[in-house]
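Below is one structure, written out as structure tokens, with a few remarks after it.
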Amino acid sequence: MTMVPKYNVYDVLKERGFIQQVTHEEELRELLGKESITFYIGFDPTADSLHVGHFLQIITMAHMQKAGHRPIALLGAGTAMVGDPSGKSDMRKMLTLERIEHNAASFKKQFEKFLDFGEGKAIMDNNMDWLLKLNYVDFLRDIGVHFLVNRMLSAECYKSRLDAGLTFLEFNYMLMQSYDFLELYRKYNCRLQLGGDDQWSNIISGTDLIRRAEGASAYGMTFTLLTTSEGKKMGKTESGAIWLDGTKTSPYDFYQYWRNVDDADVEKCLALLTFLPMDEVRRLGSLPGEKINEAKKVLAFELTKMVHGEEEAINASKAAEALFGGGGDSESIPTTEIPKEQLDKGINIIDLLVITGLAPSKGEARRLVNQGGVYMEDKKVEGIDERVGTADLKDGSIIIKKGKKTYHRIKVE
């Protein structure tokens, strides 16, 4: 007996601003309203943590699951050995199988915070299970026969690489991703692939393969990439990506990233990344003037709670309040403890910026100081030779400030 969804998730995703492009829009909307289906999103495990860009995709899967559909989180360990050319100006570096498997295991732990993998619920699979066993000649005869080279070359992901050079290795990526969709259709009756808008060419290629190879209906849908109102990708800072792993991006830094988004992006982020009702999203997004900061606090708290848990969200909120609001719990401010004997000798400000993670490298630390972007308490650091020692501490600690909004406390160990 076919399960019926609780509501039409298509309308929810549309209202919240997720949907960018769809194959067979009316047909898919009707299907999502009357039948619980299996769908998938692929994640290439090229790092040991998911980042903010992936978070939008996870929230989409959670919306779909809440409505009654079955998600497949497909780990692309097989395709990661080739590398996706989409949006890349040059070829990705090759990863070892051991590194890919380590990254895939890390992804699984993060997915489990947002999706229910209980009996009959979400599925996690890995395309290395079928891609690494393929016989090349059989694959060409059974799958390659359905792909027209001139049509592939017109796809944006390949077209942009033709002048710089496109390897045959990468040219196979579209065939492999399309084969993933076919394999999941055969294995789980998976009928819908979702992905970021940069995956459109690969997704429609997969739906076409299922129609040609199986004579069956399959669908594709892309959602908006997470960008600012100026069109820049969100989730990047001077120090690099905003990761979902708390050891790579601390809960406090994660909170502060969302607390400091531009006013124009608050409503969009609340709609796409939280589960707050849209009436509340619109109310918060339309707060006038300085009151928009209240909406930013809600955004930062909700996202930090979802990713790192309520306790870490409360701590990050208290730390921000201690620094910016004149209240709160200063113990929650990100802190590095330095041995007393080291502080007695004095530490060069450049070394200190790297030790605390306020700068990813000594070169970046020098640039920050030379541009006047580093403060000890409220006093600007004037030169790269400045040192921090025991005499600079007040009550056993000192606050180092980078720019206007990033703080770190140094304490005696």
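The values are calculated or read from the model by the stated rules, or taken from the named source; none is laboratory data. The structure displayed is predicted, hence computed values, not measured ones. Glycine also receives a Cβ, built like all others from the backbone with ideal geometry; neighbour counts cover every protein chain displayed. With ligands, DNA and RNA removed, areas are computed over all heavy atoms of the protein, side chains included. Shrake-Rupley method; radii C 1.70, N 1.55, O 1.52, S 1.80 Å.
Numbers at a glance
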quantity: Low-density loop cleavage sites - trypsin sites (Lys or Arg not before Pro) in the range 1-63, where at most 11 other Cβ are within 10 Å (DSSP); calculated: K6
quantity: Exposure of K66 as accessible area (Å², to 10), given a probe of 1.4 Å and all protein chains; calculated: 100 Å²
quantity: Principal-axis tilt of helix 310-320 within the chain, Cα atoms, nearest 10 degrees; calculated: 40 degrees
quantity: Nonlocal amide H pairs with Y219, under 5 Å, H built at 1.01 Å; calculated: L192, Q193
quantity: Backbone HN-Hα couplings from phi across the range 195-210 [Karplus 6.51/-1.76/1.60, Hz, Gly and Pro as x]; calculated: x, x, 5, 6, 9, 3, 4, 5, 5, 5, 5, x, 5, 5, 5, 5
quantity: Low-density loop positions, GluC sites (Glu not before Pro), the range 91-144 - DSSP coil, at most 11 other Cβ in 10 Å; calculated: E119
quantity: For the range 96-104, 3J(HN,Hα) per residue [Karplus equation, 6.51 cos²θ - 1.76 cosθ + 1.60, θ = phi - 60°, Hz, x = Gly/Pro]; calculated: 6, 4, 4, 5, 5, 5, 4, 5, 4
quantity: Accessible area per residue in Å² at 1.4 Å probe, computed on the chain; calculated: 47 Å²
quantity: Antiparallel bridges, percent of DSSP beta bridges restricted to the chain (to nearest 5); calculated: 50 percent
quantity: Exposure ranking of D125, D197 by accessible area [1.4 Å probe, largest first]; calculated: D197, D125
quantity: The chain - percent relative contact order, Cα under 8 Å, separation 6 or more; calculated: 14 percent
quantity: Cleavage-rule hits, chymotrypsin sites (Phe, Trp or Tyr not before Pro), the range 1-85, DSSP coil, Cβ neighbours within 10 Å at most 15; calculated: Y7
quantity: Most to least accessible of L352, L134 (protein chains only, probe 1.4 Å); calculated: L134, L352
quantity: Ranking by accessible area, most exposed first, for V137, V281, V22 with a 1.4 Å probe; calculated: V137, V22, V281
quantity: Close Lys-Lys pairs in the range 256-385, where close means Cα under 29 Å and separation is 8 or more or interchain; calculated: 27
quantity: For D44, distant residues with modelled amide H under 5 Å away; calculated: G76
